[in-house]
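Structure, as C-alpha cells:
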Amino acid sequence: MQRVEKGEYPVAAIREMLLNALVHKSYPGAAIQIRIYDDKINIWNEGTLPSELTIDSLTKQHPSIPRNPIIADVCYKGGFIDTWGRGTLKIINACKEAELPSPEIKEEFGGFTVTIFKDVLSEDQLRKLGLNERQIKAVMYVKEHKNISNQKYQELYKVSKATATRDLTELVDTFKLIKKEGTTGAGTTYVLMGS
C-alpha cells in the first residue's frame, strides 16, 4: 500500500533538463533536440554558455544568466525555476539520489547538451571507470548470467589463471562492482554488488 514506483530516470532530472533547454535556448535557431537511447537520454539546445560560466561552474552554486529573460521570468513566476542557477545542480542531485551515474554536461555543435544515463553498468560507463575490455565483457556476462567463476573467465577470455584472478580482484576491490560468493577455490563465484 505504500509502494513507490521508481522509473528508469528521475523525473526531476528530466524536468530540469527540459526547463534549462527552454530558458537558455538561442532563438531563432535549431529546435531543441531530445534523443532517447537504450541506456541514456540527452537534450541539446542551440546556444553556448555565457562567457561568465564554465562547465565546471555548473557543478556548484552559480548565478543564473538566462539567454531568454522573459521566458525565465514566466517560468520563475510559474514556480518552475529559481532565480539563481540551480538547474544543473538539481539534475546532478536527482541522478545521485536515484543511484545513477553523474550526468554528462558539455558544449558541442554550437549548443549545450545534458545527458543522463540509465545504468551504472553500461559499457560506456564501465569504460569511463577504466575497466579493460575483458572486465567490461565480464560485467556484461554477470549481468546476463548472474555470476562468473575464475575458470569461466579464463575460458571466455583466453587468459591465464593469474590474469583472471587479477582482473576479478580489481573488479571486487578497486572498482567494487562485483563480490565473491562461496568457498575459496573452485566453489567461488562472482556476482554483482547488491545481489
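What follows draws every value from the coordinates through simple rules; no lab data is involved. Computed from a predicted model, the values in this text were never measured in an experiment. Cβ atoms come from the backbone with ideal geometry, glycine included; neighbour counts cover every protein chain shown.
Just a few scattered comments:
- Cβ-derived FRET efficiency at R0 35 Å, D173 paired with N68, nearest 0.05: 0.10
- Chymotrypsin sites (Phe, Trp or Tyr not before Pro) restricted to the range 26-99 and DSSP loop, no more than 16 other C-beta within 10 Å: Y37, F80, W84
- Rounded if a/c under 1.5, otherwise prolate or oblate - the chain, Cα gyration tensor axes: prolate
- Cα-projected label distance for T188 with K158, points at 7 Å along beta-carbon direction, nm: 2.6 nm
- Across the chain, the longest piece that holds none of the trypsin sites (Lys or Arg not before Pro) lying in DSSP loops with up to 16 other C-beta atoms within 10 Å covers 87-145.
- Net charge contributed by nearby residues that have their C-beta within less than 15 Å of A186 (K/R +1, D/E -1): +1
- At an R0 of 45 angstrom, the distance between the Cβ atoms of S102 and N147 translates into a FRET efficiency of 0.95.
- Of K25/K143; K40/K60; K60/K146, pairs whose Cα-Cα distance is over 30 Å: K25/K143; K60/K146
- Exposed loop sites here mean GluC sites (Glu not before Pro) with a DSSP loop assignment and at most 12 other beta-carbon atoms within 10 Å; the chain contains its longest site-free run at 100-195.
- Sites E8 and I55, calculated FRET efficiency, Cβ-Cβ separation with R0 22 Å, nearest 0.05: 0.30
- Dipole orientation for the chain: of the candidates V11, F112, G185, G185 has the Cα lying most toward the positive pole (charges on Cβ; Lys, Arg +1; Asp, Glu -1).
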